[in-house]
Every structure is written in structure tokens, then in C-alpha cells.
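Working notes, structure below.
The values are calculated or read from the model by the stated rules, or taken from the named source; none is laboratory data. Quick caveat, the model's predicted, so the values are computed rather than measured. Backbone-built Cβ (ideal geometry, glycine too); neighbour counts: all protein chains shown.
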């Protein structure tokens, strides 16, 4: 009787990117659920069951950082992704409590490493950026 693979919940409003992330995470042996918005995720209530969240920083509707910062503690660790790598985006990810900020396009290995680090340590504030 093995333990269940970690659950990674992805919020990504680009459908093709969401599918690619699901494939990457499941190929790495993780369970993945993808939602097009934080509103869709909130409806289902999966955030509290996640071992890690992968959140697009700039979403239509409520943004990933604002939503994540509003979650009650304890909250799962978050890895933020964005097509806008400017310093204000990195700052927003850190201020929200993110464990990593990754600029799109990115290498899949970097995302997997960031997720593994987020799950593996409880420290906040050592923002991995790429």
C-alpha cells in the first residue's frame, strides 16, 4: 500500500498551457488538476487539498497573487508563473508568499524542481526566480 502522489493544483487561463502543465506534472508522477481561473477553483474547493499550487500571476478576474494572499493559513505552498517577468511581478509573487516565480516560457525541469522544493520545505521567503 503506497502513499498517494502529491496533488498539484494549477490555475492557468491559457488552455493549451494548462494542458501542457497537466501532462508535465503527470509524466513526473504527480497528480494534477487544472482550473482556468481562481473562481473555478474556489467553486470546487480543491485549494485546501493541494500539496502545491501553480498559479498564473496575471489571470483574468482575480489574479493569482491576490487570491493566494487571501487564503487562510495554513495554505499550500505556491509556485507563480507569468509571461511578464518584470520586477513588479516578482515582487507581487514574493509579497503574496510564493515559493517560486518562473517566467514563461520556461523549462519543464525548472517547474518540477520548484514544485519539489515548495513541497519539500516549509520556509517562506527564499523566492526562486527564473
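Data for the structure
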quantity: Residue in the stretch 100-114 that is in a loop (DSSP other than H, G, I, E, B), crowded, with 19+ Cβ neighbours inside 10 Å and at pLDDT below 95 present; calculated: no
quantity: Checklist (1) loosely packed, with under 14 Cβ neighbours inside 10 Å; (2) more than 19 Å from residue 116 (Cβ to Cβ); (3) out of contact with any helix residue (DSSP H, G or I) (no Cβ under 7 Å at 6 or more places or on another chain) applied to residue 23, failing item; calculated: (2)
quantity: Test: residue in the stretch 45-58 that is surrounded by fewer than 21 Cβ atoms within 10 Å (Cβ to Cβ) and more than 27 Å from residue 5 (Cβ to Cβ); calculated: yes
quantity: Evaluation of residue 59 against (1) at pLDDT 90 or above; (2) in a loop (DSSP other than H, G, I, E, B); (3) under 13 Å from residue 11 (Cα atoms) (one fails), failing number; calculated: (1)
quantity: Selection count, the stretch 73-99, where residues are over 21 Å from residue 14 (Cα atoms) and assigned to a helix (DSSP H, G or I); calculated: 6
